[in-house]
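Worksheet: one structure, shown below.
Values quoted throughout were computed directly from the atomic coordinates according to the rules given, and no laboratory measurement underlies them. Nothing here was measured: the structure is a model prediction, and the numbers come from that model. Because the Cβ atoms are built from the backbone with ideal geometry, glycine has one as well, and the counts that use them run over all protein chains shown.
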Amino acid sequence: SSGEGHVARGLVRNSPLHVASLLTPEEVKRLPPMLLVHGVFDTTVPPGQMAAMRSLLMTRGAEVVDAVWLTTLDHAAFKPLMLPHHHEDDPGVRALWRRLGEMANATGLTAA
């Protein structure tokens, strides 16, 4: 139906990958270093989108510090990650916390 097509066009138009493809070279230069995170069990955004985003950003000159796969999580499971004891059996979560700490140390930020 036409309603489904409208929804699909809206999803593409608002996808981070599509938005990133529209950035000007000047906008890309102003982006902060990025850490990309994706849940392996994400059924909302295909996991291949993280690799595509990383490739697009790096090709355009953005600094992508790392890409972390969360091996036990899906699309909506990021909030519990704010509590370090959740999902501690997931190597991706441990890697995420390690990289966040490294990035904070490199920029002079401290954890609250």
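For the range 15-69, trypsin sites (Lys or Arg not before Pro) are listed when DSSP marks them as loop and at most 13 other Cβ atoms sit within 10 Å of their Cβ; the list is Arg30. Each Lys or Arg adds one and each Asp or Glu takes one away; over the other residues whose Cβ falls under 13 Å from the Cβ of Met103, this sums to -1. Val37: net charge of surrounding residues, Cβ under 10 Å, Lys/Arg +1, Asp/Glu -1, itself excluded? Net of charged neighbours comes to 0.
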